[in-house]
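Working notes, beginning with the structure itself.
Readers should treat all values here as calculations from the given coordinates under stated rules, not as data from a laboratory. Just so we're clear, the structure is a prediction, and the values are computed from it rather than from any experiment. So basically every Cβ, Gly included, is an ideal-geometry build from the backbone, and we count neighbours across all protein chains shown.
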């Protein structure tokens, strides 16, 4: 049946909502894109969230050339036809999450200069073509978490010069190749959580001079080499919680002069030595609880001149009387 607004003209399928420039057919149990008989080119946003589309038929979409936002999330998609998104030169936001896609190959978009937000999380993507994302050079946010990617290299992502947010968490990533992130001059948030990283190679992040927040929680990191964070001169927040890090050297956090928040809880750190944080002059929040710390050198925290909050609970500390604490610290946080 068709819902009529005027009483005579059929405008919108009854299982959809057609509101001005928005076409929504969420949870409608449909397996193809509906055909709208009245001015389909007026629609700027389409949502087919949680349906059984499975296979994309390009002729179903061709009547919607002006779409700026498209959601095909939770649609049981297994494949996207080559050049499909070339049909939508104005597309800015694309939601393809929670499908069954196994690859993301070249020639999906042609030269799309408008796509800014791409959601590919929670698929089964094992492979990304070497220049797949280069077709979408305007991308600002890219979400790839919850897939099957095993490694990251510069050919995959390096061309995204305008990217600001990247999430590659929940992938079985064991290796990030050197210079993988070079080219991303504007990236400010990078999330690599719950992967299988057991090491981060020297200078991995060296090109990310604008990065402000880095999430590395829930990996298999045992040691942080002295050059790991080289180049991160804008970093203000660093998450290293729930790894297997056993020690912090005086050079571990070298170059992180602007870091304000450091979360390194639930690791295997046994002691804090003098100079462990000597480069962290801007640090205001240090969470290092639930480690194995039994000894803290009296001057281990001396260099943290702006520290306000220190979390040490859950450590087998014998005694920290005589510990030099900055005047700025809030004693109730210990």
Can you work out the FRET efficiency for the pair residue 233 and residue 105, with r the C-beta to C-beta distance and R0 = 35 Å, to the nearest 0.05?
0.45
As a test of the formula, what do you get for the chain when each DSSP H run with n ≥ 4 contributes -39,500 (n - 2.57) and the sum is divided by the residue count, at 222 nm and rounded to the nearest 500 deg cm²/dmol?
-500 deg cm²/dmol
Order by protection proxy (mean Cβ within 10 Å, highest first), peptides 211-217, 18-24:
211-217, 18-24
Using a Gaussian network model of the chain whose springs link C-alpha atoms within less than 10 Å, name the residue from 31, 219, 243 with the highest mean-square fluctuation.
31
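Quick check on the chain: of the DSSP beta bridges with both residues there, what percent are antiparallel, nearest 5%?
Among the beta bridges of the chain, antiparallel pairing accounts for roughly 10 percent.
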Sort 194-201, 253-260 by packing, meaning the average of other beta carbons within 10 Å per residue, with the highest value first.
253-260, 194-201
Under the √(5λ) rule applied to the eigenvalues of the Cα gyration tensor, what semi-axes describe the equivalent ellipsoid of the stretch 221-306? Give them in Å, descending.
18, 15, 12
Can you give the log10 of the normalised intensity I(q)/I(0) at q = 0.13, 0.19, 0.20, 0.21 Å⁻¹, computed with Debye over equal Cα scatterers of the stretch 267-334?
-0.30, -0.69, -0.77, -0.86
Please state the relative contact order of the stretch 15-81 as a whole percent: Cα pairs under 8 Å, 6+ residues apart?
33
Looking at the stretch 15-81 only, what percent of DSSP beta bridges run antiparallel? Nearest 5 please.
35
Per-bin percent of Cα-Cα distances, the stretch 68-113 [10 Å]:
27, 58, 15
Along each principal axis of its Cα atoms, how long is the stretch 112-247 end to end? Whole angstroms, biggest number first, please.
47, 32, 21
How large is the convex hull of the Cα atoms of the chain per residue, expressed in Å³ as a whole number?
138
Descending principal axes extents, the stretch 1-110, alpha-carbon based, whole Å:
46, 27, 20
Zone of residue 226 (label point 7 Å along Cα→Cβ, backbone N under 13 Å): which residues in the stretch 241-260?
249-255
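DSSP beta bridges in the stretch 1-153, what fraction antiparallel, as a percent rounded to 5?
Antiparallel: roughly 25 percent of the beta bridges in the stretch 1-153.
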